[in-house]
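Trainee: Below are the structure tokens for one structure; questions will follow.
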Amino acid sequence: EGHMLLFDRTPGVLWEQKHSTALSRMVPINPGVGDVVNNVILHLLKWRYRPQRRGASWAVSINNGRHSIARLLKDSPSLKLQVAMLVQEEYPLARRNAVVETGLPPATLPEQCPFTDDQILSDYWPD
């Protein structure tokens, strides 16, 4: 079954068109994926830039987010490109939230996401 990603004009909404021999239909992809990506990035930023505050709850948030994304990718491997786009889309908000939650000056955190897509999705833990 072939897959093609289509974007709705509504920000954050993605549709995956599944083609079959009998029928083409539009299947909504969970729009909460961006929130999950955002949350993983937020906690990775806190993990890297506030190492003295690392705790189990941050690790659990990262692990749960990665697990949720992995489940989606298992069901639809074609979404890996969407995750890469979401990293770029979600990083500015994750960065702002990390500044608020950590109290660090904004200049402490890089303007561009310091983590690769593979680092966000894998068992990578920043030093």
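Trainee: Using the Karplus curve 6.51 cos²θ - 1.76 cosθ + 1.60 with θ = phi - 60°, what ³J(HN,Hα) values do you get for each residue of the stretch 72-79, in whole Hz, with x for Gly and Pro?
Mentor: With the stated coefficients, the stretch 72-79 comes to 4, 5, 5, 6, 9, x, 5, 6 Hz.
Trainee: While we're on this one: Tell me, what % of the accessible area of the stretch 57-111 is carbon and sulfur with a 1.4 angstrom probe?
Mentor: Details: 1870 of 3090 Å².
After summing per-atom areas, the C and S share lands at 61 percent.
The values are calculated or read from the model by the stated rules, or taken from the named source; none is laboratory data. Please read all numbers here as calculations on a predicted model, not as lab measurements. Heavy atoms of the whole protein, side chains included, go into the accessibility calculation; ligands, DNA and RNA do not. Shrake-Rupley method; radii C 1.70, N 1.55, O 1.52, S 1.80 Å.
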